[in-house]
Amino acid sequence: MTTLTIIIVCAFVVGYLCIALESLTKVNKAAIALLMCVVCWTLLMMNPAAYYPEIGGEGVIHHIAEVIEHHLGDAAGTLFFLMGAMTIVEIVDSNGGFNFVRDALKTRSKRKLMWRVAFMTFFLSAILDNLTTSIVMIMVLRKLVQSREERLLYAALIIISANSGGAFSPIGDVTTIMLWIKGVITTQGVITEIFIPSLVSMLIPAVIISLHLKGKFDKEQNLPKAEVSQFTKVQRDIIFWLGVGGLVFVPIFKTLTHLPPFMGILLVLGILWTTTEIFHYNTSEDDTMAKRVSDIMTKIDLSTIMFFLGILMAVAVLQEIGVLTAMGEGLNEAFAGNYYLINGIIGILSSIVDNVPLVAGCMGMYPVAAEGAMTVDGIFWQLLAYCAGVGGSMLIIGSAAGVVVMGLEKITFGWYLKRITWIAFVGYLCGILIYWVERMLFF
């Protein structure tokens, strides 16, 4: 390993640590990711010939420009997909599309509420995404549970259910989206083989948490409808089904047209946008513009998009200089190709640091093979989707869902570590065991 390679790796590690310690540094992780990206590529340009010896003279500069454009194109597909999906969910939510969630969860029984919350979160996360689902469910939960101690247990279950639900769906989690867009997992493969392990990783913690919830609430609470625009119920239902149905249709669109997934998302967004504009044209509401898609798009968390851009492009540098390939070979030698153990460790690491760069790194470390565990929908890639998604539940900072719930409910790192970590870990291991049994018996 050359001196320049070591410097690039050190720059990446320092940036990564700053991202992981965001709560201490108080510097937004998106800013660090962008700096890390530019610094790593700039260092690479100091001696590009060392990494591309077959290309001489000025040609190497032109080659690196092409390499950057290639990696940027891969990252842009993921980013546009996320932006489109986030906008669609905002449109549905701002027009009262999720009111049915409130009505579906209403009950006096604490355990019944827990199971309804668990399953609703699990399946909504698969359709939407774990971050958005967590926000919706926490907002609903605040209307249902007044006791803070009990609400924290429900909130912890929401984190676990959201991460588990996102793991078996190609659009349920950023990491599965990345793997799906990369083409290493397919919609049919990940749903049929990861669904049961993901369900088990939610059910086991739910059973354990249910032991701490007994009795009924003091009174049945009426859930107020969210204020929405002057759309009719039929119009709101159309918006809901176009939005949620459109998200479900995206994998089908990819299969039928063979176009990148972000094209399907843009199709759904375009249809939904046009529909809402037509609806607004016929309403006399004064604050119509507040519900227009052009205004709703300003609510999208662009800092998250910038973070993904920075981290994906920074990981691309490590891929170009051969570090990821060397790490992959090292892991294979250390664990003798035991992909269950390798991915199990990756899952645990994803609870400590962000799973996005971990998965991005793994996609660079391990090439897709024609046969064996590295094939499309092979053991390695499916386990990676499961472990990176579900593993993030073990610490509250290990997933986007955990971080947002931590902020909304003011859950401390210590409380979650003491009360929930071991529960999530048991569910995580049980899911891996179920996947192993599936592979032994059916695949």
Q. How large is the accessible surface per residue of the chain, computed with a 1.4 Å probe and reported in Å² as a whole number?
A. 44 Å²
Q | Backbone N within the range 250-283 under 20 Å of label point (7 Å from Gln188 Cα along the Cβ vector) | A | 250-261
Q: With θ set to phi - 60°, apply the Karplus curve 6.51 cos²θ - 1.76 cosθ + 1.60 along the range 242-254 and write out the HN-Hα couplings as whole Hz, x wherever there is a Gly or Pro.
A: 5, x, 5, x, x, 5, 5, 6, 4, x, 5, 4, 4
(Q) What are the ³J(HN,Hα) couplings of the range 423-436, residue after residue, when phi is run through the Karplus curve with 6.51, -1.76, 1.60 and θ = phi - 60°? Round to Hz, x for glycine and proline. (A) 5, 5, 5, 4, x, 4, 5, 4, x, 4, 4, 5, 4, 4
Q) Can you give the helix-only mean residue ellipticity at 222 nm for the chain, where every DSSP H stretch with n ≥ 4 adds -39500 (n - 2.57) and the sum goes over all residues, rounded to the nearest 500 deg cm²/dmol? A) -24000 deg cm²/dmol
Q: Starting from the Cα-Cα distance between Leu429 and Phe217, subtract it from 0.36 nm times their residue separation and give me the gain in nm to one decimal.
A: 73.0 nm
**Q.** Cubic angstrom per residue, convex hull over Cα atoms of the chain
**A.** 160 Å³
Q.
Between Leu417 and Leu441, what's the calculated FRET efficiency when r is the beta-carbon distance and R0 is 45 Å? Round to 0.05.
A. 0.80
Q. Counting only protein heavy atoms, what percent of the accessible surface of the range 96-203 is carbon or sulfur at a 1.4 Å probe?
A. 60 percent
Q.
If I compute solvent accessible area with a 1.4 Å probe over the protein chains, what percent of it on the range 312-443 is carbon and sulfur?
A. 71 percent
(Q) What is the sum of charges, Lys and Arg at +1 and Asp and Glu at -1, for the other residues whose Cβ falls under 14 Å from the Cβ of Arg439? (A) -3
**Q.** Relative contact order [Cα under 8 Å, 6+ residues apart], the range 36-159, whole percent
**A.** 17 percent
Q: Find the relative contact order for the chain and round it to a whole percent, using C-alpha pairs within less than 8 Å whose residues are 6+ positions apart.
A: 24 percent
Q) At what distance in nm do the modelled label points of Ala104 and Asn28 sit from each other, each positioned 7 Å from its Cα along Cα→Cβ? A) 3.3 nm
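The values are calculated or read from the model by the stated rules, or taken from the named source; none is laboratory data. Computed from a prediction, not measured in an experiment: that's the story for all the values here. Don't worry about glycine lacking a Cβ; one is built from the backbone with ideal geometry, like all the others, and counts go over all protein chains shown. Ligands, DNA and RNA are stripped out before the accessible areas are found, and what is left, the full protein with its side chains, is counted by its heavy atoms. Shrake-Rupley method; radii C 1.70, N 1.55, O 1.52, S 1.80 Å.
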